[in-house]
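The next block holds one structure in the form of structure tokens; read it before the comments.
The values are calculated or read from the model by the stated rules, or taken from the named source; none is laboratory data. Note that this is a predicted model, so its numbers are computed, not measured. Here the Cβ positions follow ideal geometry from the backbone for every residue, glycine too, while neighbour counts run over all protein chains shown.
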Amino acid sequence: MARILSGIQPSGVLTLGNYIGALKNFVKLQNEHECLFMVVDLHAITVPQDRLALRKNIKELAALYVACGIDPQKSILFVQSEVPAHAELSWILTCNASMGELSRMTQFKDKSAKQESVGGHISAGLFSYPVLMAADVILYDVDMVPVGDDQKQHMELTRDLAERFNARFGETFKVPEVYIPEQGARIMSLQEPEKKMSKSDDNSKNIILLTDPPNTIRKKIKSAITDSETTIAYDPVNRKGISNLLEIYAVITGEPIDALVTKYEGKGYGDFKSDLAEVVVAEIEPIQQRQQEILASGEIDDILDAGRDAAMKMAVRKISKVKHKVGLGRKR
Ligand code: AMP
Ligand code: TRP
């Protein structure tokens, strides 16, 4: 049994990409491993957030985890900012990270360009964001971190920072592995399948939100871009649109892509898309209902209190060890 940890930002409504690339996997992993899942609110404030919206998003995301199948009896579910050791370790690691390595992070380049384009300022937090992510992970001696493809580079940095600290101050942290799912690690935009489906996309037709009503989901899938071919085939290089739809279908139903291609032999895009729309609706609609029930019952606060206490116990031990190794504070 390995120890697994991952996190999602409470910065708005999640997409089908987040569900397939992250949440759906987490649920599978919790049956075989010791898991910690976070609502990473400290990451969310690297770009401006409305205070009340953030508060709301934190609880909604926590309820979504549970609605998707994260079982608080099996996994530790908590809010990052409620365990102060994350911010403490992040600072210590920041002092051992270089400007150069952080400048090379492609997500920083993308996100800072986006902030600039809307006339917003680029916070130093956005720059050091991957260091906070590294702290989240190594604080708990995690073996494996399941994330989508876009987080690969951040995980390489996490490993570098853990190794550097160990080399400098003596063996302290486990060096974690990244776990990228074979299928569904990069769900693409519906209208522009050369870019990933992202919750910050301005064109709502590009993305399926986990809050979209069934008819909106059906409409968006039916108008998804395919190509001028007539067969349903998987070719993610030359036929990105249809391949993305096939991948969504396969991951949700568990049917292999080959079997789907055979199943739709001789059928057109219209038939395939109607079936896919029903597959997605059948998966998402019950999750939406459960999320509302969990929020209405108030149980999420008890779950998050227990998760915070459990995470805190582990984190406090580690951060005291780290401070001691670095020479911080006093000894008497
Ligand atoms: P974020 O929304 O950036 O907090 O991401 C939460 C998780 O969802 C991370 O593990 C991402 O890698 C994953 N993710 C985000 N977008 C996609 C996508 N289009 N396809 C697959 N996984 C994704
Ligand atoms: N940076 C991740 C994202 O944007 C979220 C995240 C924060 C995370 N801390 C983490 C993921 C620790 C895995 C482990 O998707």
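Structure above, values below:
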| quantity | calculated |
| --- | --- |
| Residue check, PRO236 closer than 26 Å to GLY270 by Cβ and either within 16 Å of ligand 2 (Cβ to nearest atom) or under 24 Å from the mean Cα position of the chain (by Cα) (or both) | yes |
| Hits in the stretch 1-49 (condition: away from ligand 1 (no atom under 12 Å from the Cβ), part of a strand (DSSP E or B) and not basic (Lys, Arg)) | ILE4, GLU34, CYS35, LEU36 |
| Matching residues, the stretch 163-181, being within 13 Å of ligand 2 (Cβ to nearest atom) and buried (at least 17 other Cβ atoms within 10 Å of the Cβ) | PRO176, VAL178, TYR179, ILE180 |
| Qualifying residue in the stretch 93-109 (condition: among the basic types (Lys, Arg), at pLDDT 95 or above and more than 16 Å from ligand 1 (Cβ to nearest atom)) | yes |
| Among the residues listed as LEU64, LEU54, LEU132, the single one being surrounded by fewer than 18 Cβ atoms within 10 Å (Cβ to Cβ), within 15 Å of ligand 1 (Cβ to nearest atom) and at pLDDT 95 or above | LEU54 |
| Scan of the stretch 236-270 for residues that are among the charged types (D, E, K, R) and either crowded, with 18+ Cβ neighbours inside 10 Å or within 21 Å of ILE207 (Cα to Cα) (or both), ordered by number | ARG239, LYS240, GLU247 |
| Subset of the stretch 135-155 (residues that are out of contact with any strand residue (DSSP E or B) (no Cβ under 7 Å at 6 or more places or on another chain) and either in contact (Cβ under 8 Å) with a residue 60 or more places away in the chain or away from ligand 1 (no atom under 14 Å from the Cβ) (or both)) | ALA135, ILE138, LEU139, GLY148, ASP149 |
| Count of residues meeting criterion [modelled with pLDDT under 95 and either within 9 Å of ligand 2 (Cβ to nearest atom) or more than 14 Å from the chain's Cα centre (by Cα) (or both)] in the stretch 7-20 | 1 |
